[in-house]
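Working notes, beginning with the structure itself.
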Amino acid sequence: MHEGKLSRGQLQAWALNRYYYQSIIPIKDAIILSRATDPAFRRVWRKRIVDHDGDERREGGILRWIKLAEATGLERERVMSAREVLPATRFIGNEYLNLVRMRPFVECVASSLTELFSRDLITLRMEKLRQHYPWMASGLDYFEARLTEAPEDAAFAIRYAFDHAATRADQERVIQALRDKCDILWAQLDALYFAYVEPGWPPPGAFRIAADAKQSEGKRG
């Protein structure tokens, strides 16, 4: 993606599958919220749900991601139905929900700490998307919003982890929770690469790149 080597169809596959992951984030946060016994924690954490679902005053991250998918040429209903996501994408997303349902509370909070590294990556991604895929420029509002939302969320989560992982064993479990979350994200990327790059074998029922979207439109000109 950052090298401008993806076709429009490959970007569509990424946007469609990533939508499923985006759609479960507020569900994940609602599970964490339901397990929280501290009102002060709940007051801060519920912001995450609004950031993704939106409210009467502003649109949320899910709608912004739909607009990104539409910028690639996908229809909104097709994206929101999630009918064509990879089986691995569905499994991985559900596994994240299982993590926050079953693990100790501080580990659930720590699993969100991938956001510690997101600001620089998002900045780079926006630069490269504008450079190589200018036709996607109308769909980058999601990333613009996360430049401020993600660091705020990460700062709260890391403080919580510092305050509540008191023993060495607790700290190791917090680190492992973050590693497990990284594994979830890597597994999704691996599934996308296998299905749409090399060898390029999407399973039955999954999104397939249309013939007119196979030519790379990421190159300049």
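General observations
- Subset tally (residues that are surrounded by fewer than 18 Cβ atoms within 10 Å (Cβ to Cβ) and β-branched (Val, Ile, Thr)) for region 84-133: 2
- Residue list for region 39-94, restricted to those being within 18 Å of the chain's Cα centre (by Cα) and among the acidic types (Asp, Glu): 51, 53, 59, 70, 84
- Candidates 40, 71: the one that is surrounded by 15 or more Cβ atoms within 10 Å (Cβ to Cβ) and hydrophobic (A, V, I, L, M, F, W, C) is 71.
- Residue ranges of helices (runs of 4 or more DSSP H) in region 107-221 with at least 1 members aromatic (Phe, Trp, Tyr): 141-164, 168-196
Yes/no per residue for (1) of a type in the set (Ser, Thr, Tyr); (2) at pLDDT below 95:
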{"site": "7", "(1), (2)": "yes, no"}
{"site": "12", "(1), (2)": "no, no"}
{"site": "31", "(1), (2)": "no, no"}
{"site": "35", "(1), (2)": "no, no"}
{"site": "54", "(1), (2)": "no, yes"}
{"site": "73", "(1), (2)": "no, no"}
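- Being of a type in the set (Lys, Arg) and more than 23 Å from residue 70 (Cβ to Cβ) is a condition met by at least one residue of region 178-198.
- Long-range neighbours under 9 Å by Cβ, at least six apart or interchain, first residue touching a residue at least 60 places away in the same chain (Cβ under 8 Å) within region 186-198, second of a type in the set (Val, Ile, Thr): 187/92; 188/89; 188/92; 191/89; 191/92; 192/89; 196/209
- In region 104-115, the residues that are among the aromatic types (Phe, Trp, Tyr) form Cβ pairs under 8 Å with partners that are not in a helix (DSSP H, G or I), at six or more places apart or across chains, as follows: 105/36.
- Identification of helices (runs of 4 or more DSSP H) wholly contained in region 11-92 with 3 or more residues that are farther than 20 Å from residue 154 by Cβ and in contact (Cβ under 8 Å) with a residue 60 or more places away in the chain yields 61-71, 76-81.
- Condition check for residue 21 on (1) surrounded by fewer than 20 Cβ atoms within 10 Å (Cβ to Cβ); (2) in contact with a Pro (Cβ under 9 Å, 6 or more places away or on another chain): one failure, at (2).
- Look at (1) hydrophobic (A, V, I, L, M, F, W, C); (2) at pLDDT 95 or above; (3) under 30 Å from residue 6 (Cα atoms) and you find that residue 147 fails only one, number (2).
The values are calculated or read from the model by the stated rules, or taken from the named source; none is laboratory data. Keep in mind that what you see is a predicted model, and the values were worked out from it rather than measured. FYI the Cβ positions are ideal-geometry reconstructions off the backbone, even for glycines, and counts take in every protein chain you see.
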